[in-house]
Amino acid sequence: MIVLPRLALSILMVLGFIALNGMMLVYMERKVAGHMQRRLGPMEVGPHGILQTLVDGIKLIGKQYIPPYKIDRPLYLLAPVICFVPVVLAFITLPFSEKLQVRDLNVGLLVIFALGSMTVLSLFMAGWSSNNKYSLIGAFRSVSQSLAYEIPMLLSVLSIVLMTNTLSLREIVEAQSPIPHIVFQPVAFLIFFICCVAETNRAPFDLPEAESELTAGFHTEYSGMGFALFFLAEYTNIVVVCATTTVLFLGGWKGIPLPFMQYTGVVWFLIKLYLLVFVMMWFRWTYPRVRIDQLLNLSWKVLTPLALINLVVTAVVLKII
Amino acid sequence: MRFINEVISGSYSLIAGLGITIKAFFSPIATVQYPREVIDITPSYRGHIEFVHDLVTGKPKCISCGTCAMACPSNCITVEGEPLEIKREPFHATGWPPAISIPSEKKKAPGYVERLERPLILFELDFAKCSLCGLCIEVCPENAIQFSKVYNLAGYCRQDSRIDLKNRFEEIS
């Protein structure tokens with residue numbers, strides 16, 4: 001009987017977290033960008049500009065929906081929704097602390113990667129249906145990029161799964177009780193994190209929406225809420241991949257014990273999570289965008305062989321021990 | 001072997017890049033929050049022209065001779081003055097040499113000076129055409145105009161760029 005209220009509460013908490021987090025991340029991104037360029041970033045709305053994203057969001061909601069001429073209407077309307085829904089669903093199995101988890105699925109890791117790879121479908125739908133050459137090129141790039149980077153990503157995760165013998169995220173966190181996996185698997189961590197940056201289409205791998213080449217890539221023709229959903233999905237996706245990295249390599253909610261550790265472990269989880277988010281922003285404001293051939297070379301010629309070698313070495317070492 | 005070298009040197013350069021941005025992240029801000037914070041204007045800054053404030057009389061020094069309007073290469077200055085008139089003023093009040101001194105033939109009262117004057121009606125600058133060359137300032141026989149330090153010169157319509165220097169002077173003083 002407790003299932004339904006628990007579900008309702010989980011939905012509320014997850015959606016609230018997504019909305020708040022989206023606003024906060026946009027603000028954080030602009031502030032980090034500002035300080036890395038020795039500016040202050042937004043300062044006008046509210047103290048130190050903290051209400052800037054809220055005001056921007058209200059503006060986006062109030063904007064007119066302008067469908068372009070000769071679009072593929074069902075796909076055009078569905079694309080932002082299909083972009084947003086999987087990243088929300090991924091929160092079902094993310095363990096924020098020992099007790100703060102909607103459901104601990106025994107295939108949790110698989111669910112996250114399955115949902116993560118749906119993003120590329122929505123990006124391709126958006127680019128295809130928009131009847132715009134920039135959108136289409138963005139969509140093509142997004143597909144080839146996603147294909148290239150999912151392979152080393154999954155290979156690097158496989159070595160973790162070999163070590164823990166489970167796909168449940170909670171058990172993976174429990175398995176790194178004294179020492180987090182990053183100590184044993186630094187190469188896998190590096191590969192996984194690089195692939196995460198590429199999967200979320202962030203600079204230096206932001207080819208699908210390269211502003212200087214493709215105006216806005218796949219979401220060129222979206223305005224108002226359609227664009228807002230893409231934007232929110234992008235930032236939520238960042239949190240999902242960073243949370244997955246935290247769970248897989250940084251020990252999840254483990255940290256110095258606090259009172260009510262079963263719930264307050266979320267503090268450590270969020271600290272690690274936002275540290276990774278900061279690193280991703282740090283990447284974005286440091287590196288210029290790579291070319292498409294460099295992008296694919298990096299994946300197929302460097303990351304995939306490295307991940308394979310890492311997997312084989314892990315398997316051999318585990319067999320010997 | 002070359003491939004491995006490339007990977008290693010590439011990784012090093014990536015880390016060096018991260019170092020540069022994080023150093024910038026913790027260094028002080030280089031920008032100014034413009035409408036609220038303003039940096040000092042350099043002395044050589046050229047705003048639009050304005051009248052020199054005469055410290056003795058508190059009026060503009062302009063004698064409405066129109067030399068500036070003639071010198072202006074873009075014809076952006078309009079000067080209008082009333083017809084010439086003779087003014088009798090107490091001697092001490094004239095702080096600067098009279099515009100055109102006429103040695104009066106008649107007996108004049110001691111302590112007074114008579115001079116020809118041409119009171120200024122209109123001095124208008126069309127700033128949209130002005131190239132801030134400064135020729136008007138150089139030719140002015142009375143040194144009556146100078147560059148101002150005004151920099152908020154954006155306007156909403158073409159009329160906003162027409163500046164009435166006489167009104168402006170009165171408003172300021």
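Here are some notes:
- For the residues A:Trp300, A:Trp285, the requirement of being over 30 Å from B:Arg2 (Cβ atoms) and within 14 Å of chain B (Cβ to nearest Cβ) singles out A:Trp285.
- Top-ranked residue in region A:43-78 [being closer than 29 Å to A:Arg284 by Cα and in contact with a Phe, Trp or Tyr (Cβ under 7 Å, 6 or more places away or on another chain); ranked as farthest from the other protein chains (Cβ to nearest Cβ)]: A:Leu60
- A:Leu190 vs. criteria buried (at least 20 other Cβ atoms within 10 Å of the Cβ) and among the aliphatic types (A, V, I, L, M): no
- Some residue of region A:273-282 being among the hydrophobic types (A, V, I, L, M, F, W, C), on the phi > 0 side of the Ramachandran plot and in the same structural domain as A:Leu167 (by TED's automatic domain parsing): no
- The residue that is surrounded by the fewest Cβ atoms within 10 Å (Cβ to Cβ), counting only those in region A:19-41 that are under 25 Å from the mean Cα position of the chain (by Cα) and within 11 Å of another protein chain (Cβ to nearest Cβ), is A:Ala33.
- Residue tally, condition within 12 Å of chain A (Cβ to nearest Cβ) and in a helix (DSSP H, G or I), over region B:1-51: 21
- Residue match in region A:153-161 (condition: modelled with pLDDT of 85 or more and under 17 Å from A:Phe278 (Cα atoms)): no
- Residue match in region A:10-26 (condition: in contact with a Lys or Arg (Cβ under 8 Å, 6 or more places away or on another chain) and not hydroxyl-bearing (Ser, Thr, Tyr)): no
- Residues (over 28 Å from B:Ile145 (Cα atoms), acidic (Asp, Glu) and surrounded by fewer than 10 Cβ atoms within 10 Å (Cβ to Cβ)) located in region B:1-55: B:Glu37
- Tabulated pairs, region A:41-58, first on the phi > 0 side of the Ramachandran plot, second surrounded by 14 or more Cβ atoms within 10 Å (Cβ to Cβ) and of a type outside the set (Ser, Thr, Tyr), C-beta under 6 angstrom, 6+ apart or interchain: A:Gly41/A:Arg30; A:Gly41/A:Lys31; A:Gly41/A:Gly34; A:Gly49/A:Pro42; A:Gly49/A:Met43
The values are calculated or read from the model by the stated rules, or taken from the named source; none is laboratory data. Since this is a predicted model, take the numbers as computed values, not measurements. For neighbour counting, all protein chains shown are included, and Cβ atoms are generated from backbone atoms with ideal geometry for every residue, glycine included.
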